[in-house]
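> Questions regarding the structure given below will be posed in turn.
The values are calculated or read from the model by the stated rules, or taken from the named source; none is laboratory data. All figures in this text were calculated on a predicted structure; none of them were measured in a lab. Glycine gets a Cβ as well: all are built from the backbone with ideal geometry, and neighbour counts include every protein chain shown.
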Amino acid sequence: MDAASVLRQFEPNAVTDVTGFGLFGHAHEVAERSGVRIRLESERFPAIDGALDLARKGVRTSGDPRNREFAGPHLHVDGAPETLVALGFDPQTAGGLLVSVPADRGAVLEAEFQARKLFVRRVGRVEEGAGVVVE
């Protein structure tokens, strides 16, 4: 059973694939369309091998400026290091799905994914308000 099949059982509030707009662009779209604030914990961001090293060296993809222009005005960075902020704008280093489930289902979803050896990582939470906050 793949991740999408397992996820359906949890009746998520929102699901989006994190590709072209990067994590921050997709988080912005979910927050805006849902009328909520998404608070992301940068130290929990997953990254493909080598992505952090390249970001530390200042290497950015061609999608970085476009995604900063799109999502940047809706993003409040609260102490997150620029290396991790760069990953959040990068359309190539995020991948996967950004999923919102009710808080009381989160731990069970994580346990189910881990039991099936599927990657899962909680990267934030949804709260009242608007926009995206990156800690």
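> Give the residue that is surrounded by the most Cβ atoms within 10 Å (Cβ to Cβ), with candidates limited to residues of the stretch 99-135 that are basic (Lys, Arg) and over 17 Å from the mean Cα position of the chain (by Cα). Before the answer, list the steps.
Filtering the stretch 99-135 for residues basic (Lys, Arg) gives 105, 116-117, 121-122, 125.
Next, from what is left, pick out any that are over 17 Å from the mean Cα position of the chain (by Cα): 105, 116-117.
On the way: ARG105: 15, ARG116: 13, LYS117: 6.
Restricting to residues being basic (Lys, Arg) and over 17 Å from the mean Cα position of the chain (by Cα), the top hit is ARG105.
> Next up: Looking only at residues that are within 25 Å of LYS117 (Cβ to Cβ) and either at pLDDT 90 or above or in contact with an Asp or Glu (Cβ under 9 Å, 6 or more places away or on another chain) (or both) in the stretch 15-25, which one is surrounded by the most Cβ atoms within 10 Å (Cβ to Cβ)?
That would be LEU23.
> Still on this structure, please answer the following. Quick one: would you say LEU75 is more than 17 Å from PRO12 (Cα to Cα) and either crowded, with 19+ Cβ neighbours inside 10 Å or touching an Asp or Glu at 6+ places or on another chain (Cβ under 9 Å) (or both)? Walk me through how you get there before you give the answer.
Numbers: more than 17 Å from PRO12 (Cα to Cα): yes; either crowded, with 19+ Cβ neighbours inside 10 Å or touching an Asp or Glu at 6+ places or on another chain (Cβ under 9 Å) (or both): yes.
Yes; evaluated as a whole, the condition is true for this residue.
> Enumerate the pairs (first residue in the stretch 39-60 and free of Cβ contacts under 8 Å to residues at least 60 places away in the same chain and part of a loop (DSSP other than H, G, I, E, B); second residue anywhere and acidic (Asp, Glu) and surrounded by fewer than 16 Cβ atoms within 10 Å (Cβ to Cβ)) with beta-carbon separation below 9 Å, excluding pairs fewer than 6 apart on the same chain, so at least 6 apart or on different chains.
Correct list of pairs: VAL59/ASP53.
> Here's something else I'd like to know. Does ALA4 fit the bill of being over 22 Å from GLY129 (Cα atoms) and either modelled with pLDDT under 90 or part of a helix (DSSP H, G or I) (or both)?
Working: over 22 Å from GLY129 (Cα atoms): yes; either modelled with pLDDT under 90 or part of a helix (DSSP H, G or I) (or both): yes.
Judged against the criteria, ALA4 is a match.
> For the stretch 14-31, give me each residue that is of a type in the set (Ser, Thr, Tyr) and over 20 Å from ARG105 (Cβ atoms). Before the answer, list the steps.
Step one: filter the stretch 14-31 for residues of a type in the set (Ser, Thr, Tyr), giving 16, 19.
Hit for the stretch 14-31 is THR19, nothing else.
> Please indicate, with yes or no, whether at least one residue in the stretch 29-52 is of a type in the set (S, T, N, Q), surrounded by fewer than 17 Cβ atoms within 10 Å (Cβ to Cβ) and either touching a strand residue (DSSP E or B) at 6+ places or on another chain (Cβ under 6 Å) or within 15 Å of VAL126 (Cβ to Cβ) (or both).
Our first condition is that a residue be of a type in the set (S, T, N, Q); within the stretch 29-52, this holds for 34, 42.
Retained after the next criterion (residues that are surrounded by fewer than 17 Cβ atoms within 10 Å (Cβ to Cβ)): 34.
Those still in the list that are either touching a strand residue (DSSP E or B) at 6+ places or on another chain (Cβ under 6 Å) or within 15 Å of VAL126 (Cβ to Cβ) (or both) too: 34.
Yes, the stretch 29-52 contains a residue that is of a type in the set (S, T, N, Q), surrounded by fewer than 17 Cβ atoms within 10 Å (Cβ to Cβ) and either touching a strand residue (DSSP E or B) at 6+ places or on another chain (Cβ under 6 Å) or within 15 Å of VAL126 (Cβ to Cβ) (or both).
> Name the single residue, out of those in the stretch 61-77 being touching a Phe, Trp or Tyr at 6+ places or on another chain (Cβ under 6 Å) and either modelled with pLDDT under 95 or part of a helix (DSSP H, G or I) (or both), that is nearest to VAL30 (Cα to Cα).
Result: ALA71.
> Please go through the stretch 7-22 and give me each residue that is farther than 16 Å from LEU87 by Cβ, touching a residue at least 40 places away in the same chain (Cβ under 8 Å) and outside any loop (DSSP other than H, G, I, E, B), ordered by number.
LEU7, ALA14, VAL15, THR16, ASP17
Residues are listed down the side, and each one gets a yes or a no for (1) among the aliphatic types (A, V, I, L, M); (2) farther than 21 Å from VAL6 by Cβ:
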position: GLY22; (1), (2): no, yes
position: LEU40; (1), (2): yes, yes
position: LEU87; (1), (2): yes, yes
position: GLY96; (1), (2): no, no
position: ARG125; (1), (2): no, no
